[in-house]
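Rule-based calculations on the coordinates, nothing more; no lab input. Predicted model, so just to flag it, every value in this text is computed and none were measured. Here the Cβ positions follow ideal geometry from the backbone for every residue, glycine too, while neighbour counts run over all protein chains shown.
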Amino acid sequence: MLHLQHHCYYTTLNGECLPKTGRRYIEEETVTGNRESNALTKESIFTGLLELMATKEFAQISVTAIAKRAGVSRMAFYRNYQTKEDILKDYLDHLFQQYLAQMTLEQGDLHALAVGFFQYFRRNQSFLDALITANLQFLLLPKFTHYLPEVFRQLLPGSPSPMVIQFDVGGLYQLLVAWAQEGMVRSDEEMAQVVVHFQPKK
């Protein structure tokens, strides 16, 4: 009879001997757990910063104060961010990625896309208000120029030049900021009409 010899690849804390596949499973679970823990840490840091921004000027908020409010250590903060501005930039990446993920090009319908754009940012009005109150709305522009050119490239008629696309992206940024500054009193439909009005006709 042939006896197979099992080699212990990894020993758990309770002494259980696992083959290589067992260790791989544990490693995958550990990576997943670390990612979830890191996401919770970043969420706590972001929430802590917004709470502080509601009562203090941005320049007066320290990393120590953010970490204390978030319930994390300074080491945990610096594992995720280099500066407090990075917290807001990271969240803006999340916002735009989420927007693009839920966006549909609606068969090339710029009007429908514009309505959806303003509806999406209306749902994030409190965050935009916090940026504008802190005079940090300029953090939005690099995200506009990074995430939105391809959207305009697909929707505008013909083959729009990069200059035309950047003009449209910059204009949309200014429009969003102005709309937020006046309290978003104009409807999403009205704002979409403004966007469409300045686009070349097919």
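Some observations on this one:
- For the range 86-95, 3J(HN,Hα) computed residue by residue from phi via the Karplus equation (6.51, -1.76, 1.60; θ = phi - 60°) reads 4, 4, 5, 4, 5, 5, 5, 4, 4, 4 Hz, glycine and proline entered as x.
- Taking only Cα atoms of the range 84-202, radius of gyration then Dmax in Å: 13.9, 45
- Sparse packing (at most 15 other Cβ atoms within 10 Å of the Cβ) combined with a DSSP loop state is found for the following trypsin sites (Lys or Arg not before Pro) in the range 83-187: ARG123, ARG186.
- Kirkwood-type hydrodynamic radius, the range 161-201: 10.9 Å, calculated from all non-identical alpha-carbon pairs.
- With R₀ fixed at 35 Å, the C-beta to C-beta distance from ASP109 to ALA130 puts the FRET efficiency at about 0.65.
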